[in-house]
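Structure, as structure tokens:
The values are calculated or read from the model by the stated rules, or taken from the named source; none is laboratory data. All values derive from a computational prediction rather than experimental measurement. Ideal geometry is used to build each Cβ from the backbone, glycine not excepted, and the neighbour counts take in all protein chains shown.
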Amino acid sequence: MPQPSLVSVDFKGDVAWVTVDNPPVNATSTGVRQGLADAVDAVQKARVAVLCCAGRTFIAGGDMSEFDAAPVEPHLPDVVQKIEDSNVPFIACMHGNVLGGGFEIAMACAWRVAAPGTCFGLPEVNVGLIPGAGGTQRLPRLVGMEAAVDIACSGKILKAEEMANLGGIDLIADNPMSAILDFVANLPKRPAPVSQRPVGNVASDLLKTSRQALKKRARGQQSPLENLTALSWSSEPFAVAQPKERARHLALRQSPESRALRYAFFAERQVARPSFIAGVTPRDISRIAVVGGGLMGAGIATAALNGGLSVTLIERDMEAAAAARDRVEGLLKGAVKRGKMSEAQLQERLAAFCAVDSYSEAADVQLAIEAVFEDLSVKQQVFAELACHMQRDAILATNTSYLSPVEIFAGIENQSRCIGLHFFSPAHVMKLLEVVHTPQTSPEVVATGFALGKRLRKVSVLSGICDGFIGNRMLAAYRREADYLLADGALPYQVDQAMRAFGMPMGPYELQDLTGLQIAWANRKRNAATRDPNERHVTIADQLCEMGRLGQRTGKGWYRYEVDHREPIRDPEVEALIESYSAEQGITRRAYAQDEIVSRILAVLANEGALIIQQGIAESAEAVDMVQIHGYGFPRWRGGPMNYCKEIGTSTSQAMMEAVAKESPGSWHVAGCIENN
Ligand code: NAI
């Protein structure tokens with residue numbers, strides 16, 4: 001059977017309508033490129049050709065599944081050029097998303113007409129690439145260099161209205177197809193092809209200051225800078241610069257950075273559908289309760305209100321309820337102040353929210369999330385109350401960080417409805433949600449947790465039960481190795497510098513100072529009795545806590561802080577304490593190079609991830625990596641620790657792990673095999 005064509009051509013009078021139909025997003029896959037090239041030949045008898053798309057969007061980008069293989073003809077730049085060179089001028093008729101290759105095609109058309117709200121952008125930078133079909137050369141010629149830098153280097157998406165203000169489109173119309181009929185009836189004179197227009201004035205220091213700003217923001221990622229370089233080539237003739245852009249695009253497809261970012265893109269989609277809930281339909285949730293309106297509860301309530309749910313927040317008494325209400329209102333009003341929410345939306349959300357001190361108000365909610373103190377008996381009491389007042393099958397969720405949900409839910413009737421929903425702070429901002437299932441949780445309840453996560457715009461990852469679940473367990477391993485490094489010769493600022501240089505937003509010690517040392521301290525004390533006696537336990541952090549050095553809020557922690565300043569300053573007192581700890585332990589301190597610090601910590605992270613997978617806590621390496629990227633600031637362009645170790649070679653990282661384990665006998669389980677995960 002011949003393949004149905006992905007691109008069709010219809011003549012209506014002297015107008016040719018070229019329609020791309022390649023669901024779901026009309027990507028520029030090989031068939032579309034061929035269809036478009038053929039269409040340009042086919043329309044040559046018409047007066048004008050209209051390029052439009054079936055379905056919910058215009059061409060929304062390239063087909064990333066083709067990026068690992070050698071490019072197949074016809075190549076996109078040739079197709080784009082053919083459209084621009086066509087004797088019969090093209091009009092792009094756009095709706096939905098006009099992204100990447102779609103935008104490159106639109107820029108080759110003589111005119112651009114869009115529905116209101118259509119989105120324009122060159123998101124190649126988000127997958128470690130530069131556009132390869134003239135995007136970086138036509139865009140500055142179309143909208144000016146300043147806007148082009150914003151769009152290409154940071155992946156900024158512009159709405160049709162903004163694009164029109166920049167002169168990038170000719171007409172916005174509610175119904176572009178019918179508006180085009182009027183447009184072609186009085187067709188203006190064909191403008192010069194975008195590729196042949198001058199770039200216009202570029203402020204003399206624009207590229208230099210942009211480069212400095214991007215370098216700072218990108219923390220080691222190269223593609224924003226690559227895009228800037230490609231944009232700068234637009235000072236050369238298009239015919240010289242475009243082939244350079246194409247060659248660089250193809251080279252970057254093979255780069256570790258682009259591979260990692262593409263991996264992360266597909267991993268996000270994979271972890272959203274764990275096999276545990278394959279084919280399971282989630283319940284519809286519209287009304288929830290949040291118990292505890294402190295830091296986490298207020299953030300969770302805000303995220304839920306933003307997701308369109310109605311929220312009943314339950315606190316201990318009316319005074320605490322009023323404080324919780326203020327907290328939630330404060331978060332919502334902050335969004336209004338930053339222009340992220342309209343006043344009308346604020347009122348809508350407040351109308352869907354109440355803060356109370358009585359569990360009877362939760363009688364008709366479909367799901368309750370507990371975020372009270374991290375104390376087993378307090379949490380057990382909360383669930384006993386909830387179970388008393390809510391429907392027998394209503395979902396009960398805990399936001400505990402470390403306690404076992406099995407113990408928290410002990411004694412609750414119908415345990416198939418019990419689940420962990422572990423948010424990250426601040427809960428209305430951080431993307432990660434660990435959906436924790438107990439041995440009893442039903443797949444339907446887990447699926448509902450995932451559906452809720454999607455509604456709250458989270459990246460949800462399924463986790464089984466272990467101390468700290470996936471994320472905090474890996475964090476504990478990370479911190480443990482960092483502490484061993486301190487004991488053996490490194491200083492906090494060296495470890496922090498190394499991890500920042502790797503691409504983390506912060507090093508482990510400055511981060512502890514920011515969030516406070518007390519929670520981990522309490523946790524260490526809680527686990528002291530059950531800690532493996534053979535495990536090496538470095539007590540430097542405990543000593544700091546005992547000295548009242550709990551982090552920024554006490555003015556000192558691993559570093560010291562000037563009043564009202566957040567800049568960590570090396571503190572000789574801490575460094576002397578570390579050195580005397582090593583001496584007491586009989587350790588001869590040695591120097592660690594930045595690279596060694598990074599490879600040791602990364603080996604430990606990947607090893608812990610591998611153990612987590614082997615023990616069935618996480619379903620896949622992708623799940624582990626998404627937890628690290630979306631919950632802990634691991635650089636997305638490195639793909640997560642599991643992907644990073646595969647990239648540098650799993651045998652290298654396994655050898656490093658074995659060396660690390662040998663130096664602290666009894667402290668580490670070596671997973672053995674990272675690559676089978
Ligand atoms: P928090 O101390 O800021 O807030 C706890 C709130 O619970 C307080 O407002 C308190 O009045 C309320 N509360 C206590 N007992 C209650 C009861 N019986 N009924 C109703 N309300 C009650 O604590 P935070 O930081 O919000 O933590 C809450 C939970 O979330 C803990 O289990 C914690 O481990 C977990 N968590 C904390 C994270 C963090 O970064 N702080 C991150 C992820 C989870």
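The table below lists the values:
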quantity: Among the residues listed as ARG273, ARG246, ARG269, the single one being basic (Lys, Arg), over 28 Å from LYS454 (Cβ atoms) and not in a strand (DSSP E or B); calculated: ARG246
quantity: Options SER377, SER360: the member that is within 14 Å of the ligand (Cβ to nearest atom), without any contact (Cβ under 8 Å) to a residue 12 or more places away in the chain and either of a type in the set (Asp, Glu) or part of a helix (DSSP H, G or I) (or both); calculated: SER377
quantity: Residue among ILE408, ILE465, ILE419 that is of a type in the set (A, V, I, L, M), in contact (Cβ under 8 Å) with a residue 60 or more places away in the chain and within 16 Å of the ligand (Cβ to nearest atom); calculated: ILE465
quantity: Hey, TYR644 surrounded by 19 or more Cβ atoms within 10 Å (Cβ to Cβ), over 18 Å from PHE266 (Cβ atoms) and under 20 Å from the mean Cα position of the chain (by Cα) or not; calculated: no
quantity: Index of the failed condition, GLU319 passing every other in (1) free of Cβ contacts under 8 Å to residues at least 12 places away in the same chain; (2) closer than 30 Å to GLN222 by Cβ; calculated: (2)
quantity: Meets criteria (crowded, with 22+ Cβ neighbours inside 10 Å and more than 30 Å from LEU462 (Cβ to Cβ)) for VAL604; calculated: no
quantity: Any hit, the range 27-45, residues being crowded, with 21+ Cβ neighbours inside 10 Å, touching a strand residue (DSSP E or B) at 6+ places or on another chain (Cβ under 9 Å), at positive phi and assigned by TED's automatic domain parsing to the domain that holds SER178; calculated: no
quantity: Any hit, the range 436-443, residues being under 17 Å from ASN472 (Cβ atoms) and either surrounded by fewer than 19 Cβ atoms within 10 Å (Cβ to Cβ) or within 16 Å of the ligand (Cβ to nearest atom) (or both); calculated: yes
quantity: Some residue of the range 416-426 being loosely packed, with under 14 Cβ neighbours inside 10 Å and more than 25 Å from the chain's Cα centre (by Cα); calculated: no
quantity: Qualifying residue in the range 597-609 (condition: out of contact with any Gly (no Cβ under 6 Å at 6 or more places or on another chain), among the acidic types (Asp, Glu), in a helix (DSSP H, G or I) and touching a residue at least 24 places away in the same chain (Cβ under 8 Å)); calculated: yes
quantity: Those residues of the range 497-537 which are more than 16 Å from the ligand (Cβ to nearest atom), more than 18 Å from TYR559 (Cα to Cα) and of a type outside the set (Asp, Glu), in sequence order; calculated: ALA501, PHE502, GLY503, MET504, ALA528, ALA529, THR530, ARG531, PRO533, ASN534, ARG536, HIS537
quantity: Matching option when the condition is over 22 Å from PHE266 (Cβ atoms) and touching a Leu at 6+ places or on another chain (Cβ under 7 Å), among VAL88, VAL50, VAL79; calculated: VAL79
quantity: Residue in the range 636-658 that is within 26 Å of GLN512 (Cβ to Cβ) and among the acidic types (Asp, Glu) present; calculated: no
quantity: Residue in the range 280-297 that is farthest from GLN391 (Cα to Cα), counting only those that are near the ligand (Cβ under 10 Å from one of its atoms) and touching a strand residue (DSSP E or B) at 6+ places or on another chain (Cβ under 8 Å); calculated: MET296
quantity: Selected residue (only one of LYS431, LYS458, LYS454 is within 30 Å of LYS340 (Cα to Cα) and surrounded by 22 or more Cβ atoms within 10 Å (Cβ to Cβ)); calculated: LYS458
quantity: Of all residues in the range 133-142 being buried (at least 24 other Cβ atoms within 10 Å of the Cβ) and of a type in the set (A, V, I, L, M, F, W, C), the one that is farthest from VAL199 (Cα to Cα); calculated: ALA133
quantity: Condition met for ARG455 (out of contact with any helix residue (DSSP H, G or I) (no Cβ under 7 Å at 6 or more places or on another chain) and more than 14 Å from the ligand (Cβ to nearest atom)); calculated: yes
quantity: 2 or more residues hydroxyl-bearing (Ser, Thr, Tyr): qualifying helices (runs of 4 or more DSSP H) within the range 444-527; calculated: 469-488, 508-515
